[in-house]
1. What FRET efficiency do you get for Gln55 and Ala165 if R0 is 45 Å and r is their Cβ-Cβ distance, rounded to the nearest 0.05?
2. If you filter region 138-195 for GluC sites (Glu not before Pro), then keep DSSP loop positions with at most 16 other Cβ within 10 Å, what is left?
3. Go through region 92-171 and name the trypsin sites (Lys or Arg not before Pro) that are in a DSSP coil and have 15 or fewer other Cβ atoms within 10 Å of their Cβ.
4. Counting heavy atoms of the protein chains only and a 1.4 Å probe, report the per residue accessible area for region 1-89 as a whole number of Å².
5. Across region 77-92, in residue order, what do the Karplus-derived ³J(HN,Hα) couplings come to in whole Hz, using 6.51 cos²θ - 1.76 cosθ + 1.60 with θ = phi - 60° and x for Gly and Pro?
6. For the chain, what is the relative contact order in percent, using Cα pairs closer than 8 Å and at least 6 residues apart in sequence?
7. Expressed in nm to one decimal, what extension gain is obtained for the pair Leu145 and Asn194 from 0.36 nm per residue of sequence separation less their Cα-Cα distance?
8. Counting each DSSP H run of 4 or more residues in the chain as -39500 (n - 2.57), what helix-only mean residue ellipticity at 222 nm follows after dividing by all residues, to the nearest 500 deg cm²/dmol?
Amino acid sequence: MSYTPKILAFAGSLRRDSLNKKVVRVAAEGARSAGAEVTLIDLKDFPMPIYDADQHEAEGFSEHANRFQQLLLAHDGLLISSPEYNGSLPGGMKNAVDWASRANGEIKLGAAFKGKVGGIMTASPGSFGGLRCLGHLRSVLSILLVHVLPEEFAVTFAGEAFDDAGNFKDAKMQHLIERHGANVAETIRKLKANN
Ligand code: FNR
């Protein structure tokens, strides 16, 4: 019996009709097809205060920051599709990552991310597809010792990219993003087999 990889998937956008939520859903399906158990979450369900070390010290983690960190700890990998905000990452997602990276009781600094496998994507209605945020996302995750897969995807003109069922109109793009999800699952399996 091969290992069942557990992957946490989310978009960096809180927006109800987020294009990045559509992208990450396709990647999640690809990972599921490769045998992974995928938990697809909406960061909007995890509202948390802007990280303030004084508040952290005085009050500890808020309920949602704690829940998000616990979810990360319970998974082996990450699938993230993030919008580009002004050439970088959305503050809300970065804030959630910052909270989850901190020590919390028995949980050590960085433990929620260390050693996980990450697959990163972005989407934008524009002609660059959000490409400029990917290096920033890769850098943040790498500093947290996530093994970010070398391949990454930017969906350009994403406003026109999906059909009514939420799949890519372009079969090649559908395949690439599903394959990206599957690659995260397969990489986790390989790492587990060697440990
Ligand atoms: C944007 N948008 C944007 N797009 C882009 O390609 N490069 C950018 O630097 C920015 N900057 C930016 C800043 C802020 C504050 C907002 C709100 C938006 C547009 C963005 O790509 C577009 O709104 C996407 O639809 C956002 O992703 P979701 O919410 O559809 O997943």
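1. Details: r = 43 Å, r/R0 = 0.95.
Using R0 = 45 Å, I get an efficiency of 0.55.
2. Details: sites: Glu151, Glu152, Glu160, Glu178, Glu186; in loops: Glu151, Glu152.
Here the GluC sites (Glu not before Pro) that fit, given the DSSP loop and packing criteria, are Glu151.
3. Working: sites: Lys94, Arg102, Lys108, Lys114, Lys116, Arg132, Arg138, Lys169; in loops: Arg102, Lys108, Lys114, Lys116, Lys169.
For trypsin sites (Lys or Arg not before Pro) across region 92-171 that sit outside H, G, I, E and B with at most 15 neighbouring Cβ atoms in 10 Å, the list reads Lys108, Lys114, Lys169.
4. Working: 4380 Å² over 89 residues.
Dividing the accessible area of region 1-89 by its residue count gives 49 Å².
5. Couplings: x, 10, 10, 10, 10, 10, x, 8, 10, 6, x, 8, 8, x, x, x Hz.
6. Values: 381 pairs, mean separation 54.4, N = 195.
Value for the chain: 28 percent.
7. Working: separation 49, 0.36 × 49 = 17.64 nm, distance 1.80 nm.
Full-extension gain reported as 15.8 nm.
8. Numbers: 6 runs with 79 residues, N = 195.
Estimated from H runs of four or more residues: -13000 deg cm²/dmol.
The values are calculated or read from the model by the stated rules, or taken from the named source; none is laboratory data. Please read these numbers as outputs of a predicted model, since none were measured by experiment. Cβ coordinates were reconstructed from backbone atoms using ideal geometry, including for glycine residues, and neighbour counts include every protein chain displayed. Accessible surface is based on the protein model in full, side chains and every heavy atom, while ligands, DNA and RNA are left aside. Shrake-Rupley method; radii C 1.70, N 1.55, O 1.52, S 1.80 Å.
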